[in-house]
Amino acid sequence: MQTAVQNNIASILAKNPIIPVVTINKLEEIDGIVHALLEKNIHCIEVTLRTTIAFEAIQVIKEKYASELSVGVGTVISSAQIQKAKQVGVDFIVSPGISKELAQELMDSKIPFIPGVATPSDIILGLQMGWNFFKFFPANLFGGLPALKTYQLVFPNVVFCPTGGINETTYPDYLALENVQSVGGSWMII
């Protein structure tokens, strides 16, 4: 079961080298945001849970654009959020961190997920849970490119999606790393 979930997140990341991290403040913003992404040939979106309408926005996006976008939910930090993500039928879950408490909930959801890590201890914890795909967050505060180059040597089987402080100028450098499959950010919708 865990292998299937890891394979599914691997597939999502492989198909989407750029994952827009989007905060939606008004439902009226959705069409403009989605059209801007599709015009840039981006077919993935991570809607953050930073507003009270985030899950409603996800439902709207799923209803209108499910055939054109993989729709994920980000900033997931609680069991209740995981359950709500299941209800709205997200394609993937992104968490800014990693914890033993949420690990079982994430695995039980059967939704592809990518937990956040920043330190070697975080990565080891994830590896012990059978995971090898991680969000490296916040990349800009935890060493960026040099850290990921070091992690490649220490954790050669780990794959990252760095997020945090990555922009239009720096994202190609991240994608050039052997252990980076995709990057997350908001520069493409500003």
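The values are calculated or read from the model by the stated rules, or taken from the named source; none is laboratory data. Because the structure is a prediction, the values reported are computed rather than measured. Neighbour counts run over all protein chains shown; Cβ positions are idealised from the backbone, glycine included.
Summary of computed values
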read-out	value
Any hit, segment 167-178, residues being surrounded by 14 or more Cβ atoms within 10 Å (Cβ to Cβ) and within 30 Å of GLN59 (Cβ to Cβ)	yes
Verdict on ILE9 being among the hydrophobic types (A, V, I, L, M, F, W, C), in contact with a Cys (Cβ under 8 Å, 6 or more places away or on another chain), within 23 Å of GLU178 (Cα to Cα) and not in a loop (DSSP other than H, G, I, E, B)	no
Search result, residues across segment 25-53 that are closer than 19 Å to THR75 by Cα and within 16 Å of the chain's Cα centre (by Cα)	CYS44, ILE45, GLU46, VAL47, THR48, LEU49, ARG50
For VAL90: the one exception among (1) hydrophobic (A, V, I, L, M, F, W, C); (2) buried (at least 20 other Cβ atoms within 10 Å of the Cβ); (3) in contact with a Leu (Cβ under 7 Å, 6 or more places away or on another chain)	(3)
Tally, over segment 154-165, of residues that are over 21 Å from ILE9 (Cα atoms) and either buried (at least 18 other Cβ atoms within 10 Å of the Cβ) or within 15 Å of the chain's Cα centre (by Cα) (or both)	1
Selection within segment 139-153 - among the aliphatic types (A, V, I, L, M) and assigned to a helix (DSSP H, G or I)	LEU145, ALA147, LEU148, LEU153
All positions within segment 19-58 that are free of Cβ contacts under 8 Å to residues at least 40 places away in the same chain, buried (at least 17 other Cβ atoms within 10 Å of the Cβ) and not hydroxyl-bearing (Ser, Thr, Tyr)	ILE24, ILE30, VAL34, CYS44, ILE45, VAL47, LEU49, ALA54, PHE55, ALA57, ILE58
One residue from SER95, SER78, SER70 being closer than 15 Å to VAL22 by Cβ, of a type in the set (Gly, Ala, Ser) and modelled with pLDDT of 95 or more	SER70
Every residue from segment 37-96 that is in contact with a Gly (Cβ under 8 Å, 6 or more places away or on another chain) and more than 23 Å from PHE136 (Cβ to Cβ)	LYS62
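So that you can scan it fast, the table gives a plain yes or no per residue for (1) within 19 Å of ASN16 (Cα to Cα); (2) of a type outside the set (Val, Ile, Thr); (3) touching a residue at least 12 places away in the same chain (Cβ under 8 Å); (4) in contact with a helix residue (DSSP H, G or I) (Cβ under 9 Å, 6 or more places away or on another chain):
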residue	(1), (2), (3), (4)
MET129	no, yes, yes, yes
ALA139	yes, yes, yes, yes
GLY143	no, yes, no, yes
PRO146	no, yes, no, no
PHE160	yes, yes, yes, yes
PRO172	yes, yes, no, no
GLN181	yes, yes, yes, yes
